[in-house]
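The values are calculated or read from the model by the stated rules, or taken from the named source; none is laboratory data. This one's a predicted model, so the numbers in the text were calculated from it and none came from an experiment. Note that we place each Cβ from the backbone using ideal geometry, even for glycine, and neighbour counts take in every protein chain shown. SASA here: full protein model, heavy atoms, side chains in, ligands and nucleic acids out. Shrake-Rupley method; radii C 1.70, N 1.55, O 1.52, S 1.80 Å.
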Amino acid sequence: MAAEKAVRGSVLFTGYRSVGMYSNHLPHVVRYHKKHKEFYLVTAVGKTFHTYNVNKLGQVAASNALPENIGCLAADRMLVFASHGNLLKAFARNKEVVHTYKGHDAEIHLVLPFGDHVISVDTNNTIIIWDVQSQEEYLQLNFDKSSFAISAIMHPSTYLNKILLGSQQGSLQLWNVKSNKLLFTFPGWQTGVTVLQQAPAVDVVAIGLTSGKIVLHNIKFDETVMTFQQDWGPITSMSFRTDGHPILAAGSPIGHIGLWDLQEKKLMSQMRDAHSTAIAGLTYVHGEPLLITNGADNAIRVWIFDGPGGQGRLLRFRVGHSAPPTFIRHHGMDGRQILSAGQDGTIQSFSTVHDRYNKSLGHGSINKAKAKKVGLRCKSLRLPPVVAFASETARQADWDGIIACHQRKLTCTTWNFARSTMGAHKLEPPNLINIETKDIHATAVEITSCGNFVVIGLSTGNVDVYNIQSAIHRGSYGKERAHDGAIRGVVVDGLNQMTITVASDKLIKFWKFKSKQLMHTIDLTISPTSTLLHRESGMFSVALDDFSINVFDIETCKLVRRFPGHNGKINDMTFSPDGRWLMTASMDCTVKVWDFPSGCLIDSFLLDSPVVSLTMSPTGDYLATAHVDDLAIYLWSNKTLFSLVSLRPLPSNYEPIVVMLPGATDDIEEEIVEVEDASDDMMEYESPEQLGEKLVTLSLLPESRWKNLLNLDVIKRRNKPKEPPKLPKSAPFFIPTLPGLVPRFGSVGQDESSQSKIVNLGVLEQKSAFCVQLEESLDNNNYDIPLKTIKELGPSGIDTEIRNLAPEGGGSVEVMQSFLKMIGSMLETKLDFELAQAYLALFLKIHLRVISSQATLLEEISVLSTNLEETWLHMQTLFNQSLCVLNYMKSALL
């Protein structure tokens, strides 16, 4: 069984997608779609690439993953080319691989689409020109690395079959790739070439150098048109503006952009700190005043130049963490926002619905006003990264709703989600303000469900309460301090009645929230590492240093579950919304799911990198995970919401297999097979017609079929029309036809009053099918067929059939006896109990006089009456027992 389960990976979760990852160090690619008349932006993110529309920066596609990280990215009108290692692959529809080009012996680092061909350059200085469709090698060129190490490649406009190569040595070569000839060698400028960019003017090429020099060179006459010098290091990327303004934008390794006026031949303006890392890619949108930039700081930005002075302003952006997130939690009860704190010092909010709802709450700063004035350059004013936070939506429209503690910092900061900024207050115990507090820092924070109070635990064992609106200190727990060791966790219940603190002194203390009075203490034998409270159920989980988990009930202050745990430090825990599951993540790279009612491990899966933080959506649809050295947050779908899942306890020696992260595999077919396999061992339970022979079982018929049988005469009188229906004066659009083989039209104005209203007694003399079936059942004593017939009838049909059982209605005493025997068989089998009661009641109401005059019917009725009394007596006993237990549960103090 364990082997079968290992094939499937996780039982409960399947990878959905990643959020918060937008760009890495590779330059982006801009494409124009003629049919859509829209520009698209392609950026690489690890093993996959994402496609965005430029006008809204909405993600339109995510490619299937490659086996390794993408090393180079390029695109033409139809395909996107991505290399990994020594392989080059072509993607169609921004999604799947359609061509693979094999032939390089070293890693590919330059790719250039060239009409029906694509050119690739590897680190061994080999150029291969491929035919795009046939995947065949058209031409191969080898260069000596010591004299001409290729660092840039470009196709000059209008130069048929020609490419321009730049080298690390500084020289340039112009080649005709059709005739395989070197046409010209440019001596260069004694420094390495980093970028080659075609200018809007024919024959002119912009050359970026490692010295920060930009040369505009006419390659037809080998003349330099103009040169510029940037002081920020090598040129990383360049782009020409094409909407009528002669401007060249150049990127730098420190995140600055220089805008050079080609008419005045001078620096027009600077865009400092456009990115916090090197400018990886920089592209002016053709014919528009828009500049697209991306960098390794996980940011895509679109700048618009519509103001005076030619300075660009930020128009649209997609920004994630530039350093890995360390703590994530869902914000609000709709499960649409995930708050994330990263090592870059920012708090960000990522939407699970659409990227346009993302927002950054910014960096924590020591002096907010001063930091705003100085800007991003002054890193000395920044607070250390946030290590833990707590958020609440109850009063977030009125004041701050997030409290955060920082790495090795005593001061805790408040944050405002609605305004997307750091709050005005910094919370610090008043008795420590004038004391040297280098070794004292906040370790745990909590905000109450009402959004009014925050509780902060310190490394000294102090626990303080503050009002988040005014930042007033509202008291401390304990006489001097709450614990004798560092606080490892602090939580408040949903009604603000109880505060629970856990510290390294191996004690759990339960305090009254308002009076600060100690109510109960639990001694742990092992030091705790982290805590988590599910407020709705009162389940309090504590992770211990021996990698096990203890779960307490805060109402009784008793240990209710003990889970053996992991083989490494437990990094984080999260509850499912209903409190049935506890999900734990550990440094052993596993995520485990524990079931509270059964106390068993029900799911476990292994990942490539350890999960540092995880959170379950309040709606139960997604599990979000953040990983070591990974900028993205990964979403996992809860399978139980859309498919049948067989939950079985896993053995103690269960070894999970590695599950790929969402978007980290392109084996779509294998995923489909896995989903099918997951339901193979799922036994679908089909409820039998009757669970037990002694159990009274009701039918599945709707109430309307049997409930109103006794009141049919009342219903008919109530629904009787007040006046006869009137025929319409005008003829209908469709003239009615008379039944028959030859079509004949019926007269619309036919006088129906001429028809006789005298009932034809011959019709009544014919016995119905139900009556015939009852006569047959009297002989063979099997009443399944007549019972099936009457169950298919409506209330009026049942009433008619029962009336016709009497001799004056065309029936007989034998048929009436057979009907009573049918009711008796229903009571004996205890099936269709409510139908038997309804049919018998109607039968007695209609035929009471006939029954009293027939001895055989009276004898049958007496047997039936005894059977009925026994059944009802048994049911009444069961009802009384159930009512007694319910009353006890409602009134007794458990």
* Between region 862-894 and region 186-256, what's the alpha-carbon centroid distance in Å? -> 93 Å
* **Total formal charge among the other residues, if their Cβ is under 13 angstrom from that of P786, Lys/Arg +1 and Asp/Glu -1** => -3
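Assuming a ≥ b ≥ c are the square roots of the Cα gyration tensor eigenvalues, decide whether region 522-674 counts as rounded (a/c under 1.5), prolate (otherwise, with a/b larger than b/c) or oblate. Walk me through the numbers on the way to the answer.
Values: a/c = 1.78, a/b = 1.52, b/c = 1.18.
Taking the square roots of the gyration eigenvalues as a ≥ b ≥ c, region 522-674 is prolate.
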* To do: Report, ordered by chain and residue number, the lysines lying within cross-link reach of K266, taken as a straight Cα distance under 30 Å and ignoring same-chain residues fewer than 8 apart.
  => K213, K220, K373
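Relative to the present Cα-Cα distance, how much length would full extension add between L641 and D779 at 0.36 nm per residue of separation?
Details: separation 138, 0.36 × 138 = 49.68 nm, distance 5.37 nm.
Full extension of this stretch gives 44.3 nm more.
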* To do: Please give the helix 855-891 orientation as an angle from the longest Cα principal axis of the chain, in degrees from 0 to 90, rounded to the nearest 10.
  => 40 degrees
* **Eligible lysines near K35 by straight Cα distance, threshold 26 Å, same-chain separation 8 or greater** => K56, K89, K95
* **Surface share of carbon and sulfur [accessible, 1.4 angstrom probe, percent] for the chain** => 53 percent
* Asked: Which value, in debye to the nearest 20, describes the size of the charge dipole of the chain about its Cα centre when Lys and Arg Cβ atoms bear +1, Asp and Glu Cβ atoms bear -1, and nothing else is charged?
  -> 4100 debye
* Cα convex hull of region 290-433, projected area averaged across orientations, nm² -> 10.4 nm²
* **Overall dimensions of region 310-371 as given by Cα atoms, namely Rg and Dmax in Å** => 13.5, 45
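With the cut-off at 16 Å, report for region 403-495 the share of all Cα pairs above it, as a whole percent. Can you show the working numbers first?
Values: 2234 of 4278 pairs.
Value for region 403-495 (Cα pairs over 16 Å): 52 percent.
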* To do: Kindly report the accessible area of the chain per residue (heavy atoms of protein chains, probe 1.4 Å, no ligands, DNA or RNA), in Å².
  => 50 Å²
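Based on DSSP H runs of at least 4 residues, each adding -39500 (n - 2.57), what is the mean residue ellipticity at 222 nm of the chain after dividing by all its residues, to the nearest 500 deg cm²/dmol? List each step's numbers first, then the result.
Numbers: 11 runs with 141 residues, N = 894.
Mean residue ellipticity at 222 nm (helix-derived): -5000 deg cm²/dmol.
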* Asked: So which trypsin sites (Lys or Arg not before Pro) in region 433-493 pass both tests, a DSSP loop state and at most 10 other Cβ atoms within 10 Å of the Cβ?
  -> K438, K479
* Residue by residue, what Karplus-based ³J(HN,Hα) values in Hz, rounded to whole numbers, does region 346-353 have, using 6.51, -1.76 and 1.60 with θ = phi - 60° and x for Gly and Pro? -> 9, 10, 10, 10, 10, 8, 8, 9
* Asked: What residues qualify as long-range amide H neighbours of S10, i.e. H under 5 Å apart, gap of 5 or more or another chain, H built at 1.01 Å from N?
  -> none
* Asked: Relative to the longest principal Cα axis of the chain, at what angle does helix 668-678 sit, 0 to 90 degrees, rounded to 10?
  -> 30 degrees
* **Other-chain or far-sequence residues with amide H under 5 Å of G362's (modelled H)** => I347
* Structure fact -> Calc'd 3J(HN,Hα), region 618-630, phi into Karplus 6.51 cos²θ - 1.76 cosθ + 1.60 (θ = phi - 60°), Hz, glycine/Pro = x, comes to x, 8, x, 8, 10, 10, 10, 10, 10, 10, 4, 6, 9
* Shape call, region 1-150: gyration tensor on alpha carbons, a/c limit 1.5 -> oblate
* Scan around M519 for amide H atoms under 5 Å from its own, H built in the peptide plane at 1.01 Å from N, and keep only partners 5 or more places away or cross-chain. => F510, W511, K512
* To do: Pop out the ³J(HN,Hα) list for region 289-301 in order, Karplus 6.51 cos²θ - 1.76 cosθ + 1.60 with θ = phi - 60°, rounded to Hz; leave Gly and Pro as x.
  => x, 10, 10, 9, 10, 9, x, 6, 7, 6, 9, 10, 10
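Compute the Cα gyration tensor for region 507-550, then decide on rounded, prolate or oblate, letting a ≥ b ≥ c be the square roots of its eigenvalues: rounded whenever a/c is under 1.5, prolate when a/b is larger than b/c in the other cases, and oblate in all that remain. It would help to have the intermediate numbers written out before the result.
Working: a/c = 2.93, a/b = 1.47, b/c = 2.00.
Oblate.
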* What lysines could a cross-link reach from K438, if we take a straight Cα to Cα line under 21 Å and drop same-chain neighbours fewer than 8 places away? -> K379, K409, K426
* Pairing the Cα long axis of helix 769-780 with the longest principal axis of the chain, what angle in degrees results, from 0 to 90 and rounded to the nearest 10? -> 70 degrees
